[in-house]
Every structure is written in structure tokens, then in C-alpha cells.
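Asks: The following block contains the structure, expressed as C-alpha cells.
The values are calculated or read from the model by the stated rules, or taken from the named source; none is laboratory data. All figures in this text were calculated on a predicted structure; none of them were measured in a lab. Cβ: placed from backbone, ideal geometry, glycine included. Neighbour counts: every protein chain shown. Keep in mind that these areas ignore ligands, DNA and RNA; they rest on the heavy atoms of the full protein, side chains included. Shrake-Rupley method; radii C 1.70, N 1.55, O 1.52, S 1.80 Å.
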Amino acid sequence: MALVSDHILSLVTFLPLAGALVILLCLARRPTAAGWLACGVALADLGLAVLLWLGYDPVPGTDQFVERAAWFLGGRVQYHLACDGISLVLVLLTALLGPLVILSTKSSLSQRVPLFMAMALFLQTAMIGTFLARDMLLFYVFWELMLIPMYFLIGIWGGPRRIYAAVKFFIFTMAGSVFMLVAILYCWFKAGTMDLGAWLALDLTPTEQLWLFAAFALAFAIKVPIWPLHTWLPDAHVEAPTAGSVILAGVLLKMGTYGLLRYAMPLFPAAAVTAAPVLAVLGVIGIVFGALVAWVQTDVKKLVAYSSVSHLGFVVLGLFSLTAQGATGGVFQMLAHGLSTGGLFLLVGILYERRHTRELADFGGLAHGMPAYASVFLITTLASIGLPGLCGFVGEFLILLGTFGSSQLPHAKLLVAVAATGVILGAIYMLWMYQKVFLGPLGSKKNQGLPDLALREWFVLVPLVVFMVWLGVGPNLVLAKVGPSVERVLEPLTAPGLVLPHGDPRPAPLWAVPAVLGGGGEVAP
Amino acid sequence: MHLEHFPLGLIPLLPLLGAVYAGFFGARLQRRWREPVIYWPAIVLPWASFVITVVAVAKLAGAGHHTALYHRAWSWLSVGSLQVDVAFQMDRLSAVMALVVTLVGSLIHVYSRGYMKDDPGFWRFFSNMNLFMFAMLVLVLADNFLLMFVGWEGVGLCSYLLIGFWYRETKNAVAGMKAFIVNRIGDYGFSLGLFLLFWGLFLAPVVTTGDPGDRLAAPGGPHAAPAVDAAEPGAPAAADTGIHGGAPLTSVTFREVQTIVEDPARRDGILGQRVLGAGLITVVCLLFFLGAAGKSAQIPLYVWLPDAMAGPTPVSALIHAATMVTAGVYLVARLHFLFAASAAAMTVVATVGALTALFAATIGLFQYDIKKVLAYSTVSQLGFMFLAAGVGAYWVAIFHLMTHAFFKACLFLGSGSVILGCHHEQDMRKMGGLRKLMPITAVTYALAACAIAGFPFFSGFFSKDEILWKAFDSGNLLLPGKGIALWALAAAAALCTSFYMFRSYFLTFTGTYRGGQDAGHGHGHGHAPHESPRSMTVVLVVLAALAVGGGWIGLPILWGLPNRFEQWLEPAFAGSHHLIESAHRGHGAEWGLMALSVAIAIAGWFAARWLFRDGKNPIPARLLASSRPAVRGVYRTVFNKYYVDEFYGRVFVRGTRQLSELLARVDRDVVDGLVNLWGSVGRVVSDVQGMIDAHVVDGAVNAIGAGSVRLGRSLRRLQTGRIQSYVFGLTTGFVILVVIGYLLA
């Protein structure tokens, strides 16, 4: 047990990779066995993630389960993994979606199944590693590693324009990463180490911060994607196989917002505070733009893809509200979006397997023949549009509430007034889609007699639905673990002595309740 | 406020269990054991909720005036300074609401058993109805804004599901969608109002006690002294709820918000804040009122309710008449301490209410679909309630809410009985003479019509007359002549109400049956209309009895009789009592208005009887056939609901749609166009470099050029899909850089 408890982060990270290697080496010609093994490995990884969850102490919000070893350059580059509340929920989300994705793929795939399974597991290692790394080089390695399996998932098992989509995805992301690499090198020469903790203590001038922040933020903004850098996303989603879309929407997009929160903001706090209004406005544009464009899509998958742009806009807005509620809500929204949008892509995939089309015009009246499928779809839809009592509401609410009270953003109230229209628009495009697909008369003869959910599909969908309800009813389960960590990570941004590039006096952070109300007089007008 | 524990959570929980049972297992159970296995639990559980509610109310009645029952289930959200519990509270206001909801709701469940018989979606219907009961009870019992919002949107969801219950007709599905989206527009106001209130109270400066002139310190001004002591005589309740005078707002419970707003040390600081040029409280109230207008179908958001009649009639009775649509009125009453603090907000609420009352009533005059008449009538009656709430007569608004729940449920269920009896015919032109064929339905419908018209001693008389009087007597409104103009609007609406209700009665129940010929042959079961089964008529009788006698608990003080209803609710609205002003119009005026109300009711009845009784009077037909442009124009405009739906469709729906299409084009051609252009440029550069590499440099690799050439080559490889080489190159390059850095260091 000591092995497990001392190296749980390494285990949870590399177990999938080990599974992938076994599949490639031993089961390359045995698709069924490869599928089962992949499923088993992913489930075991989920078990480890649950252990991590149970063992995590939420009160301090610090990094825990730390694993540290000199890697090279005399320990100035380290193998350094650690887990705080933010990493924890994202690792758990990744580990939860892993087995579901693998299970969902088993029938839809006919070619090169073992390779697919290996790629999915490989990707999981890269994703979990990205969330847990605390050494910048290690982080960068995991970050770039993610691209390779994702590129192949789209490029090999994708739709007709898969090469275009895969290359676009790759170049877009890579272009951003190059800037981040330059920034990493700059900091490396400055700090002499790749350790995140040492970097946090770096004394950078405000101008240096602005440039470095811009480089990091660009890489992450592409990944989120923040408007107007989002155009790779609809193409990637439409061409990706179901599993690719689920992982892309469920986890990969969160890499961007996670990176912003973990690196870009605390490492360069003055720059982050300066840039917050810009990013918040881009977030709001993304919310409204994504929602409006989603409404006129005729391809269900593209519609859901644009809805992701809208939902991730909320996350960006929450993070750059620089308030406890907003940023915590942002992290919660990452999780909620992973569940609901991941679920939507799974559901669309199930439909595609039956009808081999995703055009809205081809559907209609499906609720009659597929009542269970329609019900699950409805619950997922409602979670996505933030119905109170389901997971989507909590994140959106906290983000909007936090932003509304933000003293750091100019015109915060106006931003919220615009962003909140995204909640109305969300209902419009999602219910519009639901009505076109499920209600009304049967759109075409081919919609008749489609089989309802099969047992395997139930296994995939039920956990998601359970979590959507659970997180809506008892979000404190997650908030308690996330909140303290978010406040810790944002600490550099709210420190009173922060010098901004223009030398403006910084306003008091809003959630410092006693300072504001007890001491009085420090409230920003 | 003193809190006593009571397991209030059970009240919404029981219907939720029913919803889960029927929702998850209903389809299969119904196939095997037919309908009883669905309807017994679905009917019994709401009744059980009713019984628990009665027990709770009895306990509440036995406790002190300022007691509320309280049940904290679990901590829901806690982030930073925000703490929200899943907690229920029953004060005297919630008690009335919970009683009405559980009683009328349970009765309608009983009725539905007969109405929905043999529908293949029987289980789905009862699951959704039970879910609605759950959401509605959460709404009225929630102790904080956020939990109320769960119920608030939850009832909207159930409304969506039940309007589109027969979803295979696109019309029904679209009506459900319209209801949900229009409600969401209202919810937008609710959310923003909540944010503004939360931060407004959170940031409100605490002013130390002193002479009132000093309290008007500007926000952010110096107030270095620590918070006022909790033992302020004006806030005796603070100790009970653990809220202290100077504590910041950390939860969003109604109690805490009220305590802070009423805290003398902060009141001026709160009222002094300005948003968009208006007072904070005014803006907060208007935003919440937008939410209320969405849920309760007031101008400008009323358009969804008439379309909502696409749902089964019991749904119309329960959700779109008796309970859900009154949630907005409940919200305003719940926030009486905010609304009463803003004369501007009160004026807006009252004016919108009065205008809606008249506007919807005029549309009701010409409709032929019996349910459409009732739908516009509901919109109109809700307007009356808002008028009452707007002039600060909160207990009257709730009183009318209750009597309306009785008589409107009875009318809707009566119309459902008619529709079922006439084989799903809703057009009154194809009815007539049903009094002999459906005697119970006819009598109960007539009694409920008397109640809504305001015949003396019927329930509607007491509540509506009180509204008219309170509007007339209001001293708070910022209108010339105070409430007189609104009174006039409401009185005109009352006249219309009496007329269209009796018009629908005479068209439906008197004369000869006009539906036999074409409808009968078409359907092949051309039997005469028949009375509905016992399970339905019993409910009609009970509701008719309540419609007749339900007003007696609120007898006019003017008559020297005890008004138990006002006494019951008095503590609930005590906090705003001192803010409500009377215009002191005197008892003589009140007697006079009462007489006028009776005259109005009778006039409406008389006119309807003269024109429509037995279908013998030729005037209506002649008027409709008139070719005089004035007559036709007016008739068409009103019959077509003033073309408001068309206007909204053209301007808002199509406008947004066109904007979306434009943005989608921008996204494809401009944003993504730039990306692709960038990609093409990159490719050309790579090709050029490749050519240079091959022809000019030609093997003799120049040390300076190598870097850029290699870059070009790898970019070209990248674009042909060979990613591995780039990753390899990148990683190697990186490692080399690291090594160089190490050596330099």
C-alpha cells in the first residue's frame, strides 16, 4: 500500500500509458481483448482518482501528494507532480470520461481498434500529467504530448475532412505553444530552475510580466478557445470521432482555462490584473457570439461545438473577474461543461451510429420511438443550459454573481448584463435543437424504428446523468475542495502591494469582507 | 423572526418521489398493470403533502405571530462570502401559498385521472404533474432567493414539458418552447436583480446611529466606526436569526435581506445607492418584476400564456391558472419590504397590472376557443393581482390569488369537462345547449363565472372589490390623481370580465347543440356530448363550493365583520406596513365603489345574456358580418390579439435570427477566412524556401541560412501531415537550448 500512497500521482498518470504499451505490444491484433483491457485500465485509473479524491484534504487548499525527484541538470529540472483542489477535480473528470469514452467506442469502430485504444490511453496520461505537473518543463512535455494522440484520433478515425481539421487543430495549438515556449525559456534563464514554486517567487518587472503573460495567454486562449481564436474547434469537432469530441470538449478545452488559472495568472499577477478587462470582454463576446452562431447551425455537432465556445466564455469571464465566486464558479463550470457537453457529444454519437447523419433537417419526432434516449438527452440539455438543480446552473450563477461584484473590472455590471443574455440564448438554441430532433412528427421514414438505448449505452450515460444531478444538488462537494485552492492560486493577484504597469493604485479585493465592511472606506466607488 | 423546526422538506419531497417513480418505472408498469399503478401513488402523494401542510399550518397558527417554521436540509453552495442552504421556511405567507398549491393541485390530480384516461403517455403526464408540484412547493417554501429560483425555473421546465405533452404536433412543441424562452427572459431579470441586491447590500455602508441627517453619508464615505450594536431596538428579530446589525450579507435568505434592509443603521446607505440614475432598490425591484412579469404573463411578456393552452386542460388549470402563473405575484408579495420602499417600482407594478388587466380582458371578448377565453381571463386576473400588490395591498393580492385559484381552476376544469364531452372540440361555436347534457359541469361553471364576475357574496366579489378599492384609495403611486386612473382601467376590465365570462357560459351551455352535424360524421362517433365521469365532477363540485364560499374568510372590514385573512397575513407584511399610504377617500367612497362593482358585474352579465343567450340574438352575427371598416378593423385587431405576436416575431425573433446568420457568416468568412489566409501564406513561404533550399543553397548548407530553411521544411512537412518529425525536431531543439542554457549558466 505504501507504493500506492506514496506514488499515487505517478500511478494515476502513467497507468494508462502502461496499458497503451501493453496493447500495442501484445494485443495489436486482438481488438476485442484490447478494448476490454483499455476499459479495465481506465476503470482502474478512475479508482485511483477516486482514492485521490478521498485522500485530499480540502481545508488548506495546498498542493498535496507531492512527488519530487531530480530529473536532469542537477535537479533544476525536476519530475514534480502535485495535486491541489483545482487539479483534483480536473483529474477526476478526465478519469471519469476515460472509461466512458472507451466503452462508448466499442461498437462504432471497425478499423484499427487496438491502436485507437492505445491512443485514447496515451492521451489520458498526457492530460492527467498536464493537470498534475508542477515543473514547467514537465508541464510543457505533457502539454505537447497531448497533441499527438489527439491528432491521430481526428486524422485516422475522423470524418471526410479529417486531415484539414487535424492539421488545423495541430498548427493552431502549436503556434500558440511556440510563444509559450519562448516565455518558458525566458523565465528559465531568469530563475535558473523549472520549478513552479520558484517561478512564483520571481521578481519580474511589470513590462516583463505583460510580455510573458501575453505569450502564455495566447497559447492557452487558443486551447480554450477564446474568441476569435476558436475557428479550429467546430472543424475539429465535426470531423473527430465521438470519442475524440468527448475528450476534446470534456477535457482538452479545460487545459486552456486551467493553464490561465494555474500559470498565466499567478505567475504574472500585475499583467493578469491589467489584462483582465480585455479577457473578460473577449469572454463575454464568446458567450454571446458562440450562442448566436450555434443557433443557426444545421449540423448537431457543430451546434454543440459552438455552444462550447459560449460556455467556455463563461469560464474565462469567471476567472478574470478575479473574485472568489467568479473563479471558483469558473472551475466548477469546467467540470460541469465536461459532464454536460461530453454527454451531448456521446449522445450525438449514439444518434449518428443509428442514422449516419447529423443534419437537423433529417430528424424529427425521435422522442416517440426512443423515449429513454430522448429523456437522457433532455436532462443533458437542461444541465447544459443551466437549469437550477443540475450542474450547469451552479457554475454560471457563481461566475455571474462574482463578476457582478468585481471591483477589478470596469463596467462589471454591464458585462454581466450582456453575458447573462447567453443564458437566454442557451435556452433558445438548445431547445430549438431538441425540438427539431425529438418533437413534432417523424421527419423521415428512416427515423422510424430506431432502437432505443442499448445496455452498453446505458452504462455510459447513467454515470454522467448521476453526476449532473449530484453536482447540481450538492455542489459543495466540489466547491469545498476547489474554493480554498482557487483563493490560494489567486493570492498573488489580490496581494495589496501589487504594482501594476501603469502604477495605478489597486482596488481592494472584494471578498476581503472584514476589510471592506469593518474597516470601511476602501470600497471602490 | 422566531424559527421553529418542522420537517417542511417532506412537503415537496413526496411529490418528487412520485415523479421519480412514475418517470423511471411508469412506462413499464403501465404496460403491465394498466393505469391504476400510476395514478394511485401520483394522486395520494400530493394529498399527503396537503395533510402535512395542514399540520404545519396548524402548528404555525398555534405559535406566535412572528414565528416561522424552518427546516434546513443541507448546505448547498458556499464560496467565499456566499453561503446558501437548501432550507425551507413557512411563514404565514408561504402557508397560504402551500395550502392553495397542495389543495388545488391534489384536486386537479384527481380530476386528471379521468381526463387523461387511455392516453398512452399517462405515466409521463403524472410524472410531470408530480414534478410540477415538487417545483412549485420548493418555490413557495424556499427560505432564500436561490432555492426559490430552483423552483422558479423548475415550474418553468414542467410547464415546458406539459405544454408540449402531445409533442407530435409541432404546434404544441413550439408553444412549450416559447413558454420556456419567454420565462427565461423574465429569469434574466430575476438573476440580475438578485446580483444587484446581493452586492448592493453587501457593499452598503454601515452608518452609526446618530441624528438622521448624518446617516446620509455617501457610499464609500468615511464611516470608520465599527458596526452598530445588534441590540438596536428597531431590530428585535436579529438575535433570533443570528443576524447582527453590522454583519455583511452572506446568504441570500429572505429573512436576512429583510433584516438588513430594515436595519436603521444601513437603510439610508442602501437607499442612497444609485444604479443607472435610479435608486438601487427601484432597479432591483424592476428587475425582479421583469421576472414576475415573465412567470405571471404580464405586459410585455404575456405572449406565452395563451399559447400554453396547447397542453392538456388539467395542466392549464393547475399550472397556467391556479398556481405557477401566480408565482410572480407571490414574489412581489414576498419582497414587499423592497417594493414598498420604492414608489417608482410600486407605480410600475400597479400600472402594468392595471393595463394588463384591461388589455387581456378586451382580447377575451372576441375569442371563440373556450380555453383561449379563459387564458386571456387569467392574464387579466393576474393583472388585478399585480395592481393590488403595486398599491401595497399585499394581503389583497394574495387573497385574490387564492380565490382566483379556486374559481379559475373550476372554470378550466369545467371547460375540460366540456371539451371531453364534446369529443375534443374547443370552439364554442360548435357547442351550445350543453346545460341539459352536462348539468353538473354547467352549474359549477356558472357558479365559478359568478365568482370571477364579482357577484355579491361570491368569493371573487370580496377579493376583486377590495382590489378596486385599494387602487382607488392608494396614496403611494406617482401618478396624477394617485390611483384613480388605474381604478378606472381595472373597473373597465371588470366589466369586460363579467361580459366575456357569461358570453362563454351562454354560448356553451344555452341554446341548442351546434356541434352534431359536421363533427359527428367526421369522427364516426357522433354521439351527443355526455357528462364527465364522477371522479371529474366531484372535483368540479368541490372547487365550485370553494369558488362560492372561499371569500368568506376575508369579509370586508367595512361591513364590521372580521377579516380573518387579513389578520392572518398581517404579521407577514408588517415590515412594510408603515410605508403604505392611503389617500383617505373615506367610507362613503368605499360604499359607493362597492355598489358600482356590483352594478358592473350585473351589467356584464346582462349584456352577455341579451346578446348570447340561447344564440337567438342576431346582433353579434350581424356585427361580425358588418362591412363597415371601423367595425371590421377594430374586431380584427382585437380578435388577432392586437398583432403583438406578429410584431414580436418580426422584430425580436427574426431580428435575432438574422443577426445570428450574419455572425455565422462573419465567423466563416472573416474570422476563419483570416486563419486560412494565414495558412496559405505560410504554405507559399515554405514552398519558396523549399525551392531556395533545392536550387540556390543546393546542399552546401550555409550556417546562417540553415535555421530558416529547416523551419520552412518542417513547416512544409507539417502541412503534409507528418507531425512526428516536427515534434521530434521541437523536442530536440528544446533540449539543445536547455543544454546551451546550462552551459552558459
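Asks: Based on the Cα coordinates of the protein assembly as shown, what is the per residue volume of their convex hull in Å³?
Replies: Convex hull of Cα atoms, per residue: 193 Å³.
Asks: Which residues in the range B:143-159 place their backbone N less than 18 Å from a point set 7 Å from the Cα of B:Ala278 along the Cα-to-Cβ direction?
Replies: From the range B:143-159, the list is empty.
Asks: Work out the mean other chain Cβ neighbour count within 10 Å for the residues of A:179-186 and drop it here as an integer.
Replies: Per residue, the average neighbour count from other chains is 1.
Asks: Suppose each label sits 7 Å from its Cα in the direction of the beta carbon; what would the A:Val4-A:Ala175 distance come out to in nanometres?
Replies: Using points 7 Å along Cα→Cβ, the separation is 4.7 nm.
Asks: In addition: With an 8 Å cut-off on Cα pairs and a minimum separation of 6 or more residues, tell me the relative contact order of chain A in percent.
Replies: About 15 percent, as a whole number.
Asks: Do any residues of the range A:312-337 show a loss of at least 50 square angstrom of accessible area between the isolated chain and the full protein assembly, using a 1.4 Å probe, and if so which?
Replies: A:Gln325
Asks: If you don't mind, there's one more thing I want to ask. Which whole-number percentage describes the relative contact order of chain B, with Cα contacts under 8 Å and a sequence gap of 6 or more?
Replies: It rounds to 11 percent for chain B.
Asks: Additional query: Can you tell me which aspartates and glutamates have their Cα less than 15 Å from the Cα of B:Lys295? Leave out same-chain residues fewer than eight positions away.
Replies: B:Glu153, B:Asp187, B:Asp307
Asks: What is the projected area of the convex hull of the Cα atoms of chain A, averaged over all directions, in nm²?
Replies: One quarter of the hull surface, i.e. the mean projection, equals 23.4 nm².
Asks: Of B:Lys178/B:Lys371; B:Lys372/B:Lys470; B:Lys436/B:Lys616; A:Lys223/A:Lys301, which ones are farther than 21 Å apart at the Cα?
Replies: In this structure, B:Lys372/B:Lys470 exceed 21 Å between Cα atoms.
Asks: Just in the range B:601-644: which trypsin sites (Lys or Arg not before Pro) are loop by DSSP and have at most 14 other Cβ atoms within 10 Å?
Replies: Numbers: sites: B:Arg609, B:Arg613, B:Lys616, B:Arg622, B:Arg632, B:Arg636, B:Lys641; in loops: B:Lys616.
Listed in order of number, the matching sites are B:Lys616.
Asks: Based on the Cα coordinates of the range B:344-389, what is the per residue volume of their convex hull in Å³?
Replies: Output value, Cα hull per residue: 40 Å³.
Asks: Ok, one more. Averaged across A:424-435, how many Cβ atoms of other chains sit within 10 Å of each residue's Cβ atom?
Replies: Mean partner shielding for this stretch: 5.
Asks: A further question follows. Could you work out, for chain B, what percent of all Cα-Cα pairs fall into each 10 Å distance bin, beginning at 0 Å and stopping at the bin that holds the largest distance?
Replies: Taking every Cα pair in chain B, the percentages come to 3, 13, 21, 22, 15, 9, 6, 5, 4, 2, 0, 0.
Asks: Calculate the spin-label point distance for A:Leu200 paired with A:Ser444, positioning each point 7 Å from the Cα along the beta-carbon direction, and give it in nanometres.
Replies: 5.5
Asks: Now for a separate question. So between B:Ala528 and B:Asp427, what do we pick up on full extension, going 0.36 nm a residue minus the alpha carbon distance?
Replies: Numbers: separation 101, 0.36 × 101 = 36.36 nm, distance 1.59 nm.
Gain on stretching B:Ala528 to B:Asp427: 34.8 nm.
Asks: Here's something else I'd like to know. Within the accessible area of chain B, what % is carbon and sulfur when the probe is 1.4 Å and the other protein chains stay in place?
Replies: 66
Asks: Moving to a separate point now. Taking θ = phi - 60°, what integer Hz values does the Karplus form 6.51 cos²θ - 1.76 cosθ + 1.60 yield along the range A:267-280, in sequence order, with x for Gly and Pro?
Replies: 6, 10, x, 5, 5, 5, 5, 5, 7, 3, x, 5, 5, 4
Asks: So, taking all protein chains as they sit and a 1.4 Å probe, how much accessible area belongs to A:Arg262, in Å² rounded to tens?
Replies: A:Arg262 has an accessible surface of roughly 20 Å² with all protein chains in place.
Asks: Can you tell me the order of B:327-335, A:467-475, A:268-276 when each peptide is scored by its average per-residue count of other Cβ atoms within 10 angstrom, highest first?
Replies: Answer by packing, highest mean first, reads B:327-335, A:268-276, A:467-475.
Asks: Quantify how strongly other chains surround peptide B:146-158 by giving the mean number of their Cβ atoms within 10 Å of each of its Cβ atoms.
Replies: Average per residue, whole number: 3.
Asks: Need one value: the accessible area of B:His577 in square angstrom, 1.4 angstrom probe, rounded to the nearest 10.
Replies: Surface accessible to solvent at B:His577 totals approximately 120 Å².
Asks: Where only protein heavy atoms count, and the probe is 1.4 Å, what is the accessible area per residue for the range B:250-382 in Å²?
Replies: With the other protein chains kept in place, the range B:250-382 gives 17 Å² per residue.
Asks: Using only helices, what value at 222 nm comes out for the protein assembly as shown when you add -39,500 (n - 2.57) per DSSP H run of length 4 or more and divide by the total residues, to the nearest 500 deg cm²/dmol? Walk me through the numbers before you get to the answer.
Replies: On the way: 58 runs with 854 residues, N = 1270.
Taking each H run of at least 4 residues, the total per residue is -22000 deg cm²/dmol.
Asks: Further question on the same structure: With every protein chain kept in place and ligands, DNA and RNA left out, what is the accessible area per residue of the range A:2-514? Probe 1.4 Å, answer in Å².
Replies: Value returned for the range A:2-514: 29 Å² of accessible area per residue.
Asks: Another one. Determine the share of chain A's accessible area contributed by carbon and sulfur atoms, expressed in whole percent, with a 1.4 angstrom probe.
Replies: Reported share for carbon and sulfur atoms: 70 percent.
Asks: Accessible area lost on pairing A with B, both sides, 1.4 Å probe, Å² to nearest 100?
Replies: Summed over both sides, the interface buries about 7000 Å².
Asks: What is the gain in length, in nm to one decimal, between B:Thr656 and B:Arg72 on full extension, counting 0.36 nm per residue of separation less the C-alpha to C-alpha distance?
Replies: Taking 0.36 nm per residue and subtracting the Cα distance, the gain is 205.9 nm.
Asks: Okay, next question. Using the Cα centre as the reference, give the magnitude of the dipole from point charges on the C-beta atoms of the protein assembly as shown (Lys, Arg: +1; Asp, Glu: -1; all else neutral), rounded to the nearest 20 debye.
Replies: Charge dipole of the protein assembly as shown: 4120 debye, to the nearest 20.
Asks: At 7 Å along Cα-to-Cβ for each site, give me the label-to-label distance between B:Ala589 and A:Phe189 in nm.
Replies: Between B:Ala589 and A:Phe189, the label points sit 8.5 nm apart.
Asks: If I fit a long axis through the Cα atoms of helix A:85-105 and take the longest principal axis of the Cα atoms of chain A, what angle between them do I get, 0 to 90°, rounded to 10?
Replies: Tilt relative to chain A: about 10 degrees.
Asks: Please give the charge dipole size of the range A:2-514, origin at the Cα centre, charges +1 on K and R Cβ atoms and -1 on D and E Cβ atoms. Round to the nearest 20 debye.
Replies: 1220
Asks: Residue separation times 0.36 nm, minus the C-alpha to C-alpha distance between B:Arg665 and B:Leu579: what's the value?
Replies: 25.5 nm
Asks: If DNA, RNA and ligands are ignored and the probe is 1.4 Å, what is the ranking of B:Asp669, B:Asp119 by accessible area, most exposed first? Intermediate values should be presented prior to the final figure.
Replies: Values: B:Asp669 90, B:Asp119 25 Å².
Most to least solvent-accessible, the answer reads B:Asp669, B:Asp119.
Asks: What's the FRET efficiency of A:Phe459 with B:Arg34 using the Cβ-Cβ distance as r and R₀ = 35 Å, to the nearest 0.05?
Replies: My answer for the efficiency is 0.65.
Asks: Compute the accessible area of each residue in the range A:275-292 twice, once for its chain alone and once with every protein chain present, using a 1.4 Å probe on heavy atoms, and list those whose area falls by at least 10 Å².
Replies: Output list: A:Phe289, A:Leu292.
Asks: Can you order the peptides A:88-96, B:408-416, A:348-356 by their average number of other Cβ atoms within 10 Å per residue, highest first?
Replies: The most tightly packed comes first, giving B:408-416, A:88-96, A:348-356.
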